[in-house]
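*Asks:* Input: one structure, supplied below.
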Amino acid sequence: MGSMSPVHWLILAVVLLVVFGGGGKISGLMGDFAKGIKSFKKNMADDESMTATDATQAPGHISPPNQNPGYSQTTSSETHRNQA
């Protein structure tokens, strides 16, 4: 009980660093973390408002891409049957 193990010294060193040298850095990190959370919440609210304006489409509907005139969606077997 009289001697301290290396784990005890490590914990003591971490506590001393936080108390005497890392206080400003930790509060700065927490401030940046809070700003990130606020930005995330704001963007989530913006995303929800965008989905409300897109309600004109049926749910689950995906619009087809713009196609060139004369383009047909036939598979190679259908093309082969049409040529024969």
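Each value in this text was obtained by applying a stated rule to the coordinates, not by laboratory testing. Just so it is clear, the model here is predicted, and its values are computed rather than measured. Virtual Cβ from ideal backbone geometry, glycine too; neighbours counted across all protein chains shown.
*Asks:* Using 0.36 nm times the number of residues separating I62 and V19, minus their current alpha carbon distance, what extension gain do you get?
*Replies:* Numbers: separation 43, 0.36 × 43 = 15.48 nm, distance 5.66 nm.
Working it through step by step, the gained length comes to 9.8 nm.
*Asks:* Continuing with the same structure: Using a Förster radius of 41 Å, what is the FRET efficiency between W9 and D46 based on their Cβ-Cβ separation? Nearest 0.05, please.
*Replies:* Approximately 0.25, to the nearest 0.05.
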